[in-house]
Each structure stands twice: as structure tokens, then as C-alpha cells.
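Okay, so here's the structure we're looking at.
Only the coordinates and a few stated rules stand behind these numbers; no lab work does. Just so it is clear, the model here is predicted, and its values are computed rather than measured. Neighbour counts are summed over all protein chains in view; Cβ atoms, including those assigned to glycine, are modelled from backbone coordinates with ideal geometry.
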Amino acid sequence: MSKLVYLVPLFPLLGFLINGLGRKSLSKTAISTIGTGTILASFVVSLVLFFDVKSNGGSVAVLFDFINTDSFTIPFAFQVDQLSSLFLLIITGIGSLIHLYSAAYMQEEEPQHYGRYFAYLNLFVFSMLLLVLGANYVIMFIGWEGVGLCSYLLIGFWFKNNDYNYAAKKAFVMNRIGDLGFLLAVFWILYKLGTATYGDVFAGVSKLSSFDITAITTLLFIGAMGKSAQIPLYTWLPDAMAGPTPVSALIHAATMVTAGIYMIARSNLLYTLAPYTQTLVAITGLATAIFAATIALKQNDIKKVLAYSTVSQLGYMFLGLGVGAYTGAVFHVMTHAFFKALLFLGAGSVIHAMHHEQDIRKMGGLKKYMPITHITFLLACLAIAGIPPFSGFFSKDEILTAAFAKNPVYYYIGVGGALMTAFYMFRLYTLTFLGNFRGTQEQEHHVHESPWQMTVPLIILAVLSVVGGFVGIPELFAKDAHSLEHFLAPIFEGSAKLAAQPHLAPAQEYAMMGGSTIAIALMIWFAVSRYRKYQLTEQTDTGLSKVLEQKWYVDELYNAVFVNPLNALAGFFKNIVEKSGIDGLVNSVGKLVGYGSRQLRLLQSGQVGNYILIMVLAMVVFILVWFNDSTIMHFFSKIF
């Protein structure tokens, strides 16, 4: 296994190098084959590693010493265990489907830009694999920064559009805020323990005070807030829709935004020992889940609805982490990867068929034109809404049950968020696929099902969205049927010993499941009934609807409080400090030298008499300098 593990990130890296360097000479077929094939090869190796871990347990493979000082040594090492092997399957499996989908979706691009796209996509997957495989926080941080860079490159892929460039910069800068917290946490760990390797850190946790643990976990959580788009560092993720739709699927489902969840799940022992931080994580996650869900209720861009849905679902994952349901959070990462990738790729199929139209109010009736996209999208909506037996039901129920055991208030607020999820997702589904077509006649004439490279990934993801939840069947239904919990048990063993998860009475759990499912079903019926006969009007929203449509004016608030003052400060430094101060000083020196040169030039008059006078004066000065004061005084004393 130690020999195979290096192949997992190596294949995407080779794909990045080949497509990046050969983008001007390779054909589109060759580019897409190399880009997709390298990720598929990594998926095959990841499968081998997964089954090896399942049979023999995890291991650490050390390549070389990355940093070696008198104080500490940080090896460049990969850790393959239950948690990392699961994430490898998610990243490479869904990543390969997204690459295949991209082969057709990006077909209109010029060959060199087509190659650039696949090179960036391969580099993105490589960075995420490095993040997951790293055996210490330093290697994780390298991958962490890598996905941040790739998100910037891919969000701003169509760089001729300044709005897209702004969205890319926004994502990059906002992630840097969170990354500072991560970096400070790593420095703190190194200072206190002299190591950043997971096993050594968790073994030496007794050397840390409660303040140290709370501070480290809080700083790590700040990093997770930026990468996984939690309040207040969430506004970059909806704007990331500026990139191509397959990129949105990759960011929202298989890579980047799950990095924060992975990092906290990997550090679960530290968080279990930091109850204050756990409460902060739970409250932040719950607040984000509800806040983002309210915004999604009134969005009309098909990708923006899904973007705020991702922010909301990430909030549920953090709620699970905050209440100690680490397995539930990872379970929801997996199921969410299935149905959210399906939703984004389905949205891409719709946008492709509608000639880049993204306003759901101008769609409708696509069910009869795009049967495969329609049925797969519907299955994904049922999964994210939490209807049994679809995958989202099992993972979301596990988180909400653990939240109820921790604090019933968490549960009831969480169910409220689930009801909003059902409403906005079926509002999206109804406006897009049901009713009458509301677009132009030209659009309706050209609407058609997508090619097989796009529909095959949809079908595979739809199957996973339906059956994926059965790896986590709760004890309530069958004893020892939660195979994912048993598989991940070694990872969360230390936390389980410190804080065992309480169990609810079966009758109570059945009542909670049944009640929430009925409420969600009624909300779905309400959404479909309300929007099935929707007609496009020019009437604008007012009141709370307007506030939700404008996303609670958070971007405007950030602009007023942070962006505009910083731009004003930057303008002051640019126009006053730099131009008038630094540049003024440099220019003044230049002007002074120029003025002095012009005055000295006047001495070169061309008159011989002036030159003789200057020579005599120079000789006098020379004599005065050459002889010291005592010699001169002695000379004058002899004369007089």
C-alpha cells in the first residue's frame, strides 16, 4: 500500500503537466482523455487502497523529510486510513465523472483554453488529494493552499469578464482570512508539541492546557470557516458560480468546501477536549444552515439556488461536528457529494440546453424535452430534501438526532432549515421542469437532451443518490447495519471514549423521523402546487422578499464596512503617500540634481579668462587644504 499511495496524487499531477504544457498542440480528444483518464486511474488505485485499509487497517508512508531542524522534523508523509481512504473515493470518483462531463460541456472552448481548463481541473484534484493524504498539518496546509489557488484560477477561468475576475479575487482573499487562522494554529501546535504529525499531536495532547486546546481548535475552525463557507466567511461561495458549471460541481461537492469538514473530523480528539469550541462550531453551523436557506428561498439563478443550498448543507455538517456526531458529518459529506454533484451537473445540462440561460423564471416545461436530466434532477431533489429511502434522509437524520440529544433547540431549528430546503429545492425543480415553457421560441426550438458524456455521469450519480444512504442505516432499523460507523470507528475511537453519544428511545426516534418526513412531504407538495402554474411577470418583490432576493444585503454591508474603507485607505496610500510622498521625494532628488547640473553647466562659458581665474582660485584652495593651520601660522610669523 505504501508503494501505491504515491500514485493517487501523481496521476492528476501528470495530467496537469501534460495538458498544461501541451494545450496548444494536443487535440481536444487527447486533452479530455488525458484529463479524465488520470483521475480515473487515481480512482482505481484509491479503490485498491480502500479495500486494503478495510482489511488491514491504515498506515503511514514517509517519502522524505520536508523540514528538518534542531527543534522539530516534519516529514513529507501520506497517511492512508479509514477517513482518508473514504475521501479519496469521493474526490477521485466524483472528480472523474465531472471530468467526463466537462469533455462535452466545454467543447465550444478554443483548444488552448480547453487544455488550460483540464490542466486547472487536474491540479485542483491533485491539491485536494494532497490535503487529504497528508500525515501532518503542514502537508495538509500545502494542499489547503493549493485548492485555494485552483479555485481562483477556475472561478476566473473566463478572465475577459471583469465580474468573474472580481469573484475569483473575492474567493482568494476571503480564503486567505481563514488560512491565517489555520497557519497560526499550526505554529501553536509546533511551538507547544514540537511536531505537526497527527499521531504525535493526539498522543501528546496531555501536554496542552485547556486554553491551548481551545485556542488551537478555534484557530483551526476559523480556517474551516473560510474554506467551507461558514458565517461570516461564506459570501465567496455563491460568487464562485462565475466559473464553468462543472467547476461549481467540483468545488461544491467533491473538493474544496469539504476540506474544513475533513480537517475538523481529522482533529476530532482536540475538539472533543474543547467543549467551548464545539459549541461555537455547532451554533455557527446551525446559523449558517438557516441563514443560507432563507436566501435560497428567493434566488432565481439556478446556480445561485444550489450555491446557497451548499452553504446551508455545510452548516448541517458543522452542526454534526459541533455536537460530536463526527460519523454523521462525514456521512453527510458523502451523500451530499452525490446529490449536489448531480444537481450542479443537472443544472449545467439545463443551461447547456437553454443556451446559457440561468434564470429559472424563464424556463419551465423542460420535463418533456430532457427526460434523463429531469428524472435524475428529481431524484437529487428528493435526496437533499431528506425523503426516505434516499441518501440524504439517513445522513441528515443522524445529524439531527445527535443534535436533539445534545440540545433539543438545535433539533427544532435544524428541522426548520430542512423544511426550507425542501421548499426551495422543489421551487427550483417545479419552475425548471414542470408547467409551460416560459423562454423564447428560439430557445424552445433548440432545447434537447445533453450528449452521453453529460448524461452518463447524471445516471451514475442518481443511482448513488438513491442507494448511497444504505451504508449508514441506523440501529433503529437494523442492528449493526451502520457499516460506515463501524468502518470509521478507529478514527473516532478516542472521542467516543471521552464523550459517548447518547441514544434516544426507539419510540421517540420513530416519532421524530415520521414527523419530520411528513412535514417535509407537505412542504414539497406546497412548493409544487404554488409554482406549477407560475407565469413570468415584471412585478418586483418588496419587503422581506426583496431583502431575501438581495441576500440580506450582506455583500453591501461588507462593502460599506470593509471593502470601501480599505479601498479609500489604499487610495490614500497610492495618491498621497506614494505619489506625493515617496515618488515626490524621489522626483525631488532628481530635480535637485538636474538643477545643480544646470547651474554647474554655466561655469563652462568658453572664456579663457574665467578658466584662469578658476585655476588660480583652485590652487589657493589646494594650498589651504594641503597645509595645516600650524604650517600657515608659522609661514605668516616668518614674514611678519
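Every condition in (1) under 23 Å from GLY468 (Cα atoms); (2) part of a helix (DSSP H, G or I); (3) more than 14 Å from the chain's Cα centre (by Cα); (4) not basic (Lys, Arg) holds for ALA253 except the one numbered (3).
With respect to being touching a helix residue (DSSP H, G or I) at 6+ places or on another chain (Cβ under 7 Å), surrounded by 21 or more Cβ atoms within 10 Å (Cβ to Cβ) and farther than 16 Å from ILE142 by Cα, ALA168 fits the description. Can you work out which of the residues in the stretch 31-78 that are more than 17 Å from PRO12 (Cα to Cα), of a type in the set (Phe, Trp, Tyr) and touching a residue at least 60 places away in the same chain (Cβ under 8 Å) is surrounded by the most Cβ atoms within 10 Å (Cβ to Cβ)? It comes out as PHE76.
Which residues, counting only those in the stretch 573-621, are assigned to a loop (DSSP other than H, G, I, E, B) and loosely packed, with under 10 Cβ neighbours inside 10 Å?
First, the residues of the stretch 573-621 that are assigned to a loop (DSSP other than H, G, I, E, B): 602-607.
Correct list: LEU602, LEU603, GLN604, GLY606, GLN607.
Residues are listed down the side, and each one gets a yes or a no for (1) surrounded by 20 or more Cβ atoms within 10 Å (Cβ to Cβ); (2) over 30 Å from ALA104 (Cα atoms):
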residue	(1), (2)
LEU154	yes, no
GLY194	no, yes
VAL205	no, yes
PHE221	yes, yes
GLY226	yes, yes
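Screening GLY324 against (1) on the phi > 0 side of the Ramachandran plot; (2) of a type outside the set (Lys, Arg); (3) in a helix (DSSP H, G or I) leaves a single unmet condition, (3). Close Cβ contacts (under 8 Å, 6 or more residues apart or on different chains) running from residues in the stretch 533-553 that are farther than 19 Å from ILE295 by Cα to residues that are among the small types (Gly, Ala, Ser) comprise LYS533/GLY435; TYR534/GLY364; TYR534/GLY435. When both residues are 6+ apart or on different chains and their Cβ atoms are under 7 Å apart, which pairs have a first residue that lies in the stretch 134-149 and is among the polar types (S, T, N, Q), and a second that is assigned to a helix (DSSP H, G or I)? Qualifying pairs under 7 Å: ASN136/TYR198. In the stretch 174-203, the residue that is nearest to MET241 (Cα to Cα) out of those that are free of Cβ contacts under 8 Å to residues at least 60 places away in the same chain and of a type in the set (Val, Ile, Thr) is ILE177. Within the stretch 373-381, is there a residue that is out of contact with any Gly (no Cβ under 7 Å at 6 or more places or on another chain), surrounded by 24 or more Cβ atoms within 10 Å (Cβ to Cβ) and not aliphatic (A, V, I, L, M)? Looking for residues that are out of contact with any Gly (no Cβ under 7 Å at 6 or more places or on another chain), surrounded by 24 or more Cβ atoms within 10 Å (Cβ to Cβ) and not aliphatic (A, V, I, L, M), one finds at least one in the stretch 373-381, hence yes.
Taking the criterion of being loosely packed, with under 15 Cβ neighbours inside 10 Å and among the polar types (S, T, N, Q), the only residue of the stretch 451-499 that qualifies is SER483.
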